[in-house]
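Notes to accompany the following structure.
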Amino acid sequence: MKVKNYSIFNKSKQQQYRICEIIPTICGVNGITYIPDEQPILMQFSQCTCSNKKINILNSNKWSQKDRIRSYSQVIQRPITRKSTRILTQVKENTPPKFLTLRVSARRWCAYQSNSKFYGVNENTKCEVGCLTKLMAIYTILQICQDYKMKFLVPYYAESVPEPKADLNSFNYLTLEQLLYALILRSGNDALWSIISGLSEKLYGITQRNLIKNKFLDLFNRNAQQLKMNNTRYTNLEGLADPNNVTTANDMCLLCDQLLKFDIFKRILKTKSYTCRATFENGDLSTVYTWKNRQFQFMKKGFYGFQGINNNSGPCALMIPEADTNQLFVILLKCNPKQEIVDAQMITKYQ
């Protein structure tokens, strides 16, 4: 039996990149073993003369699926080559419609000013928003509890929640204000669960983790209905990848418009670093925590805000100009990595 191999290096670059997997050892016809090269990009074709059959060794793309586990910033950015022309929403009555041409990497975005939509692109398209889901969590927490000195126990399962985390130690006691700093500055899922587990026990008498989740998901969706976020549905608390956990840029603007009315939220967003000390149940001092603002790079360019990302949503952000006094903010969804500031500058330039 004669076997003729066609090397990948005889192919064009476009053909070489069709397969992104190192293929394991495969046993072929009549016990012949085909061992691939050690190149990460491989294409081999073997031809069996006795049966006149052409064997194509596995044309799959599992490595590209594994790449989704990597940080989204390592993925090649989409080129911004086209300018989209959109009609601005009329801010004042009897105003002729305006046209705006912007080069923005975000696939969906919306700008709000003075409690009304200023303009947007694909702002009513449903999508995942990653950790921006926590904005609804923060709004719900601030709605039901205004006692920022109330102490909460960090539950035993807080250390095992998925990333991102604020690295809280189990069985420490922290105040609601301290946990809000951990939640907003570090987007900590452990801080989120510490707050909602404490509130569930104190207000509703619920201690089981699955019941706590169901209770707060019900609160999330109820608040979304009250805010007229008609295209929003919450299925998890942390903003983990889930095709059913969706919202729109316009709905996020409705939420942020109400959330920014809480002074503590704006104060924490503008904080560069925060240090506090936890206690034990008997009041003895425990761990010292220092949390730096994950969005510190925004502040260097005249913005502050809140950022979220997961494998499906891509980078998403709430961006607020520091020097603006007109209550202007921008929601960016599915933008290029590290492109949030450039997009926000482009959008707020035409306010």
Quiz item: residue 227: assigned by TED's automatic domain parsing to the domain that holds residue 116 and more than 18 Å from residue 259 (Cα to Cα), yes or no?
Solution: no
Quiz item: Take the residues of segment 258-309 that are farther than 22 Å from residue 152 by Cα and in a strand (DSSP E or B): which is modelled with the lowest pLDDT?
Solution: 308
Quiz prompt | Pick from segment 241-254, criterion surrounded by 13 or more Cβ atoms within 10 Å (Cβ to Cβ) and touching a strand residue (DSSP E or B) at 6+ places or on another chain (Cβ under 8 Å), ranking: farthest from residue 109 (Cα to Cα) | solution = 245
Quiz item: Is it the case that segment 314-336 has a residue that's on the phi > 0 side of the Ramachandran plot, surrounded by fewer than 22 Cβ atoms within 10 Å (Cβ to Cβ) and not in a helix (DSSP H, G or I)?
Solution: yes
Quiz item: Taking only pairs six or more apart or across chains, which ones have beta-carbon atoms under 6 Å, a first residue in segment 96-124 that is buried (at least 21 other Cβ atoms within 10 Å of the Cβ) and part of a strand (DSSP E or B), and a second residue that is among the hydrophobic types (A, V, I, L, M, F, W, C) and at pLDDT below 85?
Solution: 109/121; 111/118; 111/347; 119/88
Exercise. Out of the residues in segment 168-199 that are surrounded by 15 or more Cβ atoms within 10 Å (Cβ to Cβ), polar (S, T, N, Q) and in a loop (DSSP other than H, G, I, E, B), state the one that is nearest to the chain's Cα centre (by Cα).
Key: 187
Practice problem: Filter segment 119-136 down to residues that are of a type outside the set (Val, Ile, Thr) and under 23 Å from residue 194 (Cβ atoms), then give me how many there are. | Solution: 6
Practice problem: Give 165, 202, 213 a once-over and let me know the one that is modelled with pLDDT under 95, in a helix (DSSP H, G or I) and under 26 Å from residue 248 (Cα atoms). | Solution: 213
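The values are calculated or read from the model by the stated rules, or taken from the named source; none is laboratory data. Remember, it's a predicted structure, so these values are computed and weren't measured experimentally. For neighbour counting, all protein chains shown are included, and Cβ atoms are generated from backbone atoms with ideal geometry for every residue, glycine included.
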